[in-house]
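Accompanying notes for the structure given below.
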Amino acid sequence: MNKDVNKINRSIKIQPLFSAFSDDLIFLVPIDTLFLTITKGLNASQIQFMTMLSMIITILSRKWLLRASEKIGNIKSLRLGSFLLLLSALILTFSKQFYLICFYRIVFELAFIFLHMALIVLKNNLQSVDKGEDYFKIRNKTKIMYSITTMITSLIAGYLFNINNYLPMFFQIILCIIMFCMSFLFFEAKIENINEKKKENNKIKSSFTKITLLIILSFALSTTIMKLGQNNSKLFIQYDLQKVLSTEMATYYITTIVFVSRIARLLGNMIFGKVYQKTKDKMNLIITICLCLAFILLITGHFLNLNITYKIIIMSIGFFLILGTRDSFKVYLEDVALENTKKEQHQKIMVDMEIYRKVFSLIGSAIFTLILLKYELIVIEFILLAMCITELVINKKLYSELTK
């Protein structure tokens, strides 16, 4: 028994480090467009096609992915996800043909479906040692580590790329190998033991289906808002800068804003980590209000007839709020999902949350692309604000269900 407890505690301790370094191809992120266009020779339409194809295949593979994760279990799913992440890095680095580069993206998307089973392992382990409420704290620690790591890689990846285009990817492959080896250090507490200790949590109310639906809907919509909001708002600020500044100065301002946004993301994780201890289920409402404020500031800053410096400061604060809320909202909804579903349904809800996130993101990207063929980016910002208000309504209903 003591042996199992030691393994459980070890798994809990290594979780933040593992997840922080496996949450993306962190050496590729800062130079992904450079690597794909300059090194691999892809154009913008090919990159867009590759991204959409991988998302469609992942969405269509939902049943197979769920069946596979249920059959092999959480620990083996975690290891498989880690291996697929390594495989995606190898394929991208050494492939030259376009169809193989498309295959890299498919493998990359599939990797994160399986890697999400690590969250179930963490929750089960914490509950087995009566520390279930520490889930947000540990996941928040993971996001803080991830923020610091990506801040560092965003500074050095470009430098490495200039030395040799493939150097960042070689570092990434080494990191993936280390994480794959680390995946074999994980241990999961037996579910039977947890069920004995947590029987009350498994007495699902009649509102279970409604809560599950609201969680998935809130997660899919919020992650879509943040992803599309981050990308389009950065471009929105860039266009406003280019109206009055030279390309060189606009580039300087944008790179500075992006770097500061990394700091904002780190600070957001630290602040909301403390706020959660006091607010608990009000967390989703607080973050959604902050998200609404973000787009209000972006839109207001655009229309204000002020000096460009003041306009950009106001718009940048809005942009920083998007980054500052992104991780905490995701972690909170993961925690709520695992707390309000039966143990045997954990894999299903984790897969569903990821799949529907991709569905919403795919639909949103397609709609926004069509809108931008005729209208300016300000229309997108208004739509994103409307989506935030919808998210607030959903989260009010979720809060009501959780506090019944």
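Is it the case that segment 326-341 has a residue that's over 23 Å from Val275 (Cβ atoms), in contact (Cβ under 8 Å) with a residue 12 or more places away in the chain and crowded, with 20+ Cβ neighbours inside 10 Å?
Yes, segment 326-341 contains at least one residue that is over 23 Å from Val275 (Cβ atoms), in contact (Cβ under 8 Å) with a residue 12 or more places away in the chain and crowded, with 20+ Cβ neighbours inside 10 Å.
Any idea which of Phe368, Phe382, Phe360 is open to solvent by less than 50 Å² (accessible area, probe 1.4 Å) and hydrophobic (A, V, I, L, M, F, W, C)?
Phe368
Quick one: which residue in Ser77, Ser82 is under 18 Å from the mean Cα position of the chain (by Cα), closer than 18 Å to Ala20 by Cα and crowded, with 22+ Cβ neighbours inside 10 Å?
Numbers: Ser77 fails: under 18 Å from the mean Cα position of the chain (by Cα).
After applying the criteria, what remains is Ser82.
Only residues that are crowded, with 16+ Cβ neighbours inside 10 Å and part of a helix (DSSP H, G or I): list them for segment 18-31, please.
Passing the criteria: Phe18, Ser19, Ala20, Phe21, Ser22, Pro30, Ile31.
Looking at (1) surrounded by fewer than 20 Cβ atoms within 10 Å (Cβ to Cβ); (2) touching a residue at least 12 places away in the same chain (Cβ under 8 Å), can you tell me which one Ile106 breaks?
Unmet for Ile106, out of (1) surrounded by fewer than 20 Cβ atoms within 10 Å (Cβ to Cβ); (2) touching a residue at least 12 places away in the same chain (Cβ under 8 Å): (1).
Going residue by residue through segment 225-242, is there one that turns out to be more than 23 Å from Ile349 (Cβ to Cβ), of a type outside the set (Lys, Arg), at pLDDT below 80 and open to solvent by less than 30 Å² (accessible area, probe 1.4 Å)?
Scanning segment 225-242, I find no residue that is more than 23 Å from Ile349 (Cβ to Cβ), of a type outside the set (Lys, Arg), at pLDDT below 80 and open to solvent by less than 30 Å² (accessible area, probe 1.4 Å), so the answer is no.
Which residues, counting only those in segment 178-191, are closer than 23 Å to Pro30 by Cβ and open to solvent by 80 Å² or more (accessible area, probe 1.4 Å)?
Listed by number, the list holds a single entry, Ile178.
Criterion first (over 17 Å from Asn232 (Cβ atoms) and either of a type in the set (A, V, I, L, M, F, W, C) or in a helix (DSSP H, G or I) (or both)) does Leu333 satisfy it? Explain how you work it out, then say what you get.
Details: over 17 Å from Asn232 (Cβ atoms): yes; either of a type in the set (A, V, I, L, M, F, W, C) or in a helix (DSSP H, G or I) (or both): yes.
For Leu333, the condition - over 17 Å from Asn232 (Cβ atoms) and either of a type in the set (A, V, I, L, M, F, W, C) or in a helix (DSSP H, G or I) (or both) - is met.
Can you find a residue that is modelled with pLDDT of 95 or more and among the small types (Gly, Ala, Ser) anywhere in segment 119-130?
No, every residue in segment 119-130 fails to be modelled with pLDDT of 95 or more and among the small types (Gly, Ala, Ser).
Of the residues that make up segment 131-154, is at least one of a type in the set (D, E, K, R), open to solvent by 10 Å² or more (accessible area, probe 1.4 Å), in contact (Cβ under 8 Å) with a residue 12 or more places away in the chain and more than 30 Å from Lys278 (Cα to Cα)?
Checking segment 131-154: not a single residue is of a type in the set (D, E, K, R), open to solvent by 10 Å² or more (accessible area, probe 1.4 Å), in contact (Cβ under 8 Å) with a residue 12 or more places away in the chain and more than 30 Å from Lys278 (Cα to Cα).
Restricting to segment 33-64, what's the tally of residues that are in contact (Cβ under 8 Å) with a residue 60 or more places away in the chain and either surrounded by fewer than 16 Cβ atoms within 10 Å (Cβ to Cβ) or assigned to a helix (DSSP H, G or I) (or both)? First the steps, then the outcome.
Let us first name the residues in segment 33-64 that are in contact (Cβ under 8 Å) with a residue 60 or more places away in the chain, namely 34-36, 38-40, 52, 55-56, 58-59, 62.
Next, only the ones that are either surrounded by fewer than 16 Cβ atoms within 10 Å (Cβ to Cβ) or assigned to a helix (DSSP H, G or I) (or both) stay: 34-36, 38-39, 52, 55-56, 58-59, 62.
Qualifying residue count for the region: 11.
For segment 360-374, state whether one or more residues are within 21 Å of the chain's Cα centre (by Cα) and of a type in the set (Ser, Thr, Tyr).
yes
Quick one: which residue in Thr369, Thr300, Thr325 is at pLDDT below 85 and part of a helix (DSSP H, G or I)? It would help to see each step written out before you state the result.
Working: Thr300 fails: at pLDDT below 85; Thr325 fails: at pLDDT below 85.
The unique qualifying residue is Thr369.
The values are calculated or read from the model by the stated rules, or taken from the named source; none is laboratory data. Just so you know, these numbers come straight off a predicted model, no measurement behind them. Ideal geometry is used to build each Cβ from the backbone, glycine not excepted, and the neighbour counts take in all protein chains shown. What goes into the accessible areas is simple: the full protein's heavy atoms, side chains included, and nothing from ligands, DNA or RNA. Shrake-Rupley method; radii C 1.70, N 1.55, O 1.52, S 1.80 Å.
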